[in-house]
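Engineer: Supplied in structure tokens, the structure appears directly below.
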Protein chains: 2
Amino acid sequence: MNVQVPKKILADSLSHVERIIPARSSNPGLSLLKLTLSEDALTLNGSDMNIDIETSIQADSTTEGTFALPAHVFAQVVKSLPGELVELVFGDGELGVMSASYATKLQLVDPSSVPPVTFPELYEGSLEAADLMRALSHVRYATAVAEYQAIFRGVKLELSDSRTRAVATDGFRLAYYNLEIASGLEADIVIPARSVDEIIKLLSDGEVKVALSDGQLSLSNGHFRANIKLMEGSFPDYNRVIPNTFPVSITVNAETLSQAVARVAVMADKTANNRVDMFIREGTLQITAEGSYGRSQEALEVAQEGTDPEIALAYNAKYLIDALAPTSGDLQLRFSGTSSPSVLSSVKDPNYLAMVVPLRTG
Amino acid sequence: MNVQVPKKILADSLSHVERIIPARSSNPGLSLLKLTLSEDALTLNGSDMNIDIETSIQADSTTEGTFALPAHVFAQVVKSLPGELVELVFGDGELGVMSASYATKLQLVDPSSVPPVTFPELYEGSLEAADLMRALSHVRYATAVAEYQAIFRGVKLELSDSRTRAVATDGFRLAYYNLEIASGLEADIVIPARSVDEIIKLLSDGEVKVALSDGQLSLSNGHFRANIKLMEGSFPDYNRVIPNTFPVSITVNAETLSQAVARVAVMADKTANNRVDMFIREGTLQITAEGSYGRSQEALEVAQEGTDPEIALAYNAKYLIDALAPTSGDLQLRFSGTSSPSVLSSVKDPNYLAMVVPLRTG
């Protein structure tokens with residue numbers, strides 16, 4: 001029972017599965033990689049119970065079989081192989097891995113100790129992989145790291161018959177990204193942030209098929225299949241907290257603003273919310289910070305609009321920098337008030353919106 | 001009292017000094033950077049008590065003065081400056097840093113709280129910076145990490161009237177690098193490994209002047225001055241443990257051998273000295289390893305010489321890979337016996353020699 005595959009293809013395929021497999025687990029079966037040999041493919045399977053990933057490689061084999069072995073050791077061997085072609089020989093309790101002058105024999109484990117995984121038969125919907133990736137990666141930063149409301153540690157996907165929207169919030173800031181396309185599914189789901197990171201790494205181009213079942217989102221294209229366990233509970237209604245009247249608004253370049261905030265924030269007090277102050281008047285944005293080492297300031301020329309002549313408010317510098325990171329070029333920053341949320345949107349990509357709550361001052 | 005300097009030059013100069021300044025210290029004066037303004041230069045000073053570094057920047061100033069401030073905050077400010085030119089304004093208890101639209105005021109500290117540092121008046125010797133750097137960086141790896149004999153945590157420099165040699169050993173391996181040039185100094189000194197790392201980063205090209213005094217090595221060129229506190233005690237006589245009869249020796253490419261050992265060692269037992277076995281016979285080097293996950297092997301064609309037809313021995317794979325890292329191209333690996341040291345030398349650079357003690361087997 002042997003099969004030949006190009007090293008690069010095996011290494012790529014393996015890296016997607018290996019990444020999620022825990023190095024150590026109270027369930028030793030979870031640290032295993034499952035290899036399935038069929039007539040025309042070698043399939044790799046792994047799971048961390050939150051996400052199951054399967055990747056497939058085209059390979060001619062005369063026989064069929066299922067095998068298991070410690071994932072990380074196999075990955076280390078594959079990474080270090082000297083040749084361009086790898087020969088895998090599935091023998092009696094051992095997997096031979098041969099490449100150029102190098103050979104190794106890895107001990108196989110009973111594949112029944114790997115927790116069983118099933119993928120859907122039918123995928124009701126589909127999206128462009130690049131679109132889904134763009135939506136998720138624009139909002140990922142706004143998820144909560146540790147929050148009393150566990151649901152905030154996930155990204156919400158709103159799948160409707162006209163639109164797909166990704167939303168994340170931690171209560172102090174919010175980001176959403178709209179895709180003006182329908183997926184074929186209709187549901188509101190919340191994906192754990194760590195699984196969102198894995199999905200972003202898996203997605204490349206082409207179409208990805210999507211299915212929902214039993215608290216689980218499934219994705220599939222020609223190269224991989226994945227089941228993602230969804231979070232329970234639902235997002236509070238965030239639409240009502242997004243303000244819609246803005247006495248002051250400015251237009252400024254995203255990189256310029258982000259760099260200026262980062263520079264000024266060097267002096268900000270890290271123990272006091274990393275506070276930077278902003279004062280806008282007569283087309284000038286003045287950014288200042290003060291901490292125990294001294295104070296700093298920078299002034300930017302901006303295009304100012306609105307009914308009020310000026311506004312003064314303060315932010316956590318990190319929240320502003322995070323919200324600016326997915327954008328580039330000109331952006332609009334709209335202020336609803338000194339203590340009510342500010343809204344940031346990209347001029348060239350109206351699909352992205354970020355909201356940041358100012359720090360309470362005085 | 002103000003001075004203008006190019007941002008890049010200030011940032012480079014500062015990075016060498018800042019790197020050694022501790023972020024936190026029981027002596028708060030140690031976390032300060034001292035700035036000295038003279039007629040034609042701005043001088044930066046820092047110390048961690050093991051190494052003192054001073055760098056100088058050409059700068060026109062109308063006045064003179066000595067100032068101090070927290071090193072890491074100043075470095076962060078300088079790194080993030082937007083413009084190409086920086087204006088430093090030394091005021092009453094504050095240092096103003098201005099660049100393009102950005103301005104900051106940093107609180108100054110009494111410079112008398114910085115421990116005083118003096119550099120030698122006279123440098124009796126000199127070396128090419130590139131030579132000294134090459135010698136130190138070839139042997140640095142062989143110093144002990146944690147060893148009952150503290151002296152092994154340093155690199156010995158043997159300065160004689162005909163030669164300069166750098167040596168390091170941890171008792172299980174040894175490396176030396178010869179420079180067939182005299183420095184003008186005659187002494188055996190031991191430099192702490194961490195200070196060796198700093199010296200390597202400071203050195204670039206041109207000549208570096210050297211001086212010895214009071215348990216301290218001093219280095220100087222046009223851009224920096226450094227005092228390095230030397231280790232007390234002396235190296236044991238290592239020359240007598242370097243073997244000189246070799247029943248078997250092989251010639252092999254350094255990269256080929258290093259990669260093969262690394263690959264085979266994936267299967268080695270990390271808890272049993274990362275053991276790889278070698279068997280040499282009839283111009284073939286067979287490398288094998290065995291651990292709890294399986295076993296691996298690789299065979300390399302080598303040029304074999306010597307009086308004995310074969311030899312079998314085992315090494316800690318890490319020690320072999322470390323010894324090979326500074327070399328490239330063909331190398332000679334000479335075996336004095338199964339349990340006595342092996343000697344590795346580069347064919348194209350005879351100045352480098354490494355010795356590795358095999359693992360006890362059987």
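All of the numbers you see were taken from the coordinates with simple rules; none came from a lab. It should be emphasised that the depicted structure is a prediction, and the values quoted were computed from it without experimental measurement. Note that we place each Cβ from the backbone using ideal geometry, even for glycine, and neighbour counts take in every protein chain shown.
Engineer: Give me a comma-separated list of calculated 3J(HN,Hα) values for segment B:3-20, in order, Karplus coefficients 6.51, -1.76, 1.60 applied at θ = phi - 60°, integers in Hz, x for any Gly or Pro.
Structural biologist: Coupling constants for segment B:3-20: 8, 10, 9, x, 4, 4, 5, 5, 5, 4, 4, 5, 4, 5, 7, 4, 3, 8 Hz.
Engineer: Within 10 Å of each Cβ in B:69-77, how many Cβ atoms from other chains are there, averaged over the peptide?
Structural biologist: Going residue by residue through B:69-77 and averaging, the value is 3.
Engineer: Compute the Cα gyration tensor for chain A, then decide on rounded, prolate or oblate, letting a ≥ b ≥ c be the square roots of its eigenvalues: rounded whenever a/c is under 1.5, prolate when a/b is larger than b/c in the other cases, and oblate in all that remain.
Structural biologist: Prolate, because a/c is 1.5 or more and a/b exceeds b/c.
Engineer: Something else: For B:LYS79, go through the lysines and keep the ones whose alpha-carbon is under 23 Å away, minus same-chain ones fewer than eight residues off.
Structural biologist: Cα-Cα hits under 23 Å: A:LYS270, A:LYS318, B:LYS7, B:LYS8, B:LYS34, B:LYS105, B:LYS201.
Engineer: Grab the residue from chain B whose Cβ hugs the B-to-A rotation axis most tightly, plus its distance in whole angstrom.
Structural biologist: So the closest residue, with its distance, comes out as B:ALA23, 16.
Engineer: Turning to a different aspect of this structure: At a temperature of 20 °C and a viscosity of 1.002 mPa s, determine how fast segment B:168-256 diffuses translationally according to Stokes-Einstein, using the Kirkwood radius over alpha-carbon pairs as Rh; express D in µm²/s, rounded to the nearest whole number.
Structural biologist: Answer from the Stokes-Einstein relation: 132 µm²/s.
Engineer: Sticking with this one: Can you give the mean number of other chain Cβ atoms that lie within 10 Å of the Cβ atoms in peptide A:255-262?
Structural biologist: Average neighbour count from other chains, rounded to a whole number: 1.
Engineer: For peptide B:96-105, how many partner chain Cβ atoms fall within 10 Å of a residue's Cβ, on average?
Structural biologist: For this peptide, the per-residue mean of nearby foreign Cβ atoms is 5.
Engineer: Toward the positive end of the charge dipole of chain B, about the Cα centre and with charges on Cβ (Lys, Arg +1; Asp, Glu -1), which of B:ILE20, B:ALA268, B:ILE53 goes farthest?
Structural biologist: B:ALA268
Engineer: Let a ≥ b ≥ c be the square roots of the eigenvalues of the Cα gyration tensor of the protein assembly as shown; is it rounded (a/c under 1.5), or, if not, prolate (a/b larger than b/c) or oblate?
Structural biologist: Taking the square roots of the gyration eigenvalues as a ≥ b ≥ c, the protein assembly as shown is oblate.
Engineer: In addition: Could you tell me the center-to-center distance, by alpha carbons, between segment A:63-128 and segment B:300-361 in angstrom?
Structural biologist: Here the answer is 35 Å between Cα centres.
Engineer: Report the residues of segment A:313-351 in range of a label on A:ASP269: point 7 Å along Cα→C-beta, backbone N strictly under 20 Å from it.
Structural biologist: The answer is A:313-320, A:339.
Engineer: Now for a separate question. 222 nm [θ] for chain B, helices only, -39500 (n - 2.57) per DSSP H run of 4+, per residue, to 500?
Structural biologist: -5500 deg cm²/dmol
Engineer: Right, next: What number comes out for the charge environment of A:ALA226, summing +1 per Lys or Arg and -1 per Asp or Glu over other residues with Cβ under 10 Å away?
Structural biologist: -2
Engineer: Could you size up the charge dipole of the protein assembly as shown around its Cα centre, putting +1 on the beta carbon of Lys and Arg and -1 on that of Asp and Glu, and report it in debye to the nearest 20?
Structural biologist: Roughly 1140 debye for the protein assembly as shown.
Engineer: Round to the nearest 0.05 the FRET efficiency obtained for B:HIS223 and B:MET49 when R0 = 25 Å and r is the Cβ-Cβ distance.
Structural biologist: With R0 = 25 Å, the Cβ-Cβ based efficiency is 0.65.
Engineer: Listed highest first by mean packing, meaning other Cβ atoms within 10 Å per residue, what order do B:21-28, A:9-16 come in?
Structural biologist: A:9-16, B:21-28
Engineer: Relative contact order for segment B:1-150 using alpha-carbon pairs under 8 Å, separation at least 6, rounded to a whole percent?
Structural biologist: That works out to 22 percent.
Engineer: Please report, in debye to the nearest 20, how large the charge dipole of chain B is about its Cα centre when each Lys and Arg carries +1 at its beta carbon and each Asp and Glu carries -1 there.
Structural biologist: With Lys and Arg at +1 and Asp and Glu at -1, about 1160 debye.
Engineer: For segment B:44-142, taking Cα atoms only, what is the radius of gyration to one decimal and the Dmax to the nearest whole Å?
Structural biologist: Reported Rg and Dmax, both Å: 17.7, 50.
Engineer: Under a Cβ-Cβ cut-off of 13 Å, what is the net charge of the residues other than A:ALA100 that fall near it, where Lys and Arg count +1 and Asp and Glu count -1?
Structural biologist: That works out to -2.
Engineer: Hey, can you rank B:114-123, A:282-291 by average C-beta count inside 10 Å, highest first?
Structural biologist: A:282-291, B:114-123
Engineer: Can you compute 3J(HN,Hα) from phi for each residue in segment B:340-349, using the Karplus curve 6.51 cos²θ - 1.76 cosθ + 1.60 with θ = phi - 60°, rounded to whole Hz and x for Gly and Pro?
Structural biologist: Karplus values, whole Hz, x for Gly and Pro: 10, x, 9, 10, 10, 9, 7, 5, 8, 10.
Engineer: Can I ask one more? Less than 10 Å Cβ to Cβ from A:ARG165, Lys/Arg counted +1 and Asp/Glu -1: what total charge do the surrounding residues give?
Structural biologist: Spelling it out: positives minus negatives among the neighbours equals -1.
Engineer: Over segment B:66-218, what number does the Rg to Rh ratio reach, with both radii from the alpha-carbon atoms and Rh per Kirkwood?
Structural biologist: So for segment B:66-218, dividing Rg by the Kirkwood Rh gives 1.11.
Engineer: In square nanometres and to one decimal, what's the mean projected area of the convex hull around the Cα atoms of segment B:275-362?
Structural biologist: Averaging across all directions leaves 6.1 nm² for the Cα convex hull.
Engineer: ³J(HN,Hα) across segment A:261-278 via Karplus (A = 6.51, B = -1.76, C = 1.60, θ = phi - 60°), whole Hz, x for Gly/Pro?
Structural biologist: Per-residue couplings from phi come out as 4, 4, 5, 5, 5, 4, 8, 5, 7, 5, 8, 10, 6, 6, 5, 10, 9, 10 Hz.
Engineer: So, R0 is 25 Å and r is the distance between the beta-carbons of B:LEU122 and B:ASP205; what FRET efficiency does that work out to, to 0.05?
Structural biologist: Efficiency, rounded to the nearest 0.05: 0.60.
Engineer: Which of the peptides A:65-78, A:175-188, A:232-245 is most tightly packed, and how do the rest follow, going by the mean number of other Cβ atoms within 10 Å of each residue?
Structural biologist: A:65-78, A:175-188, A:232-245
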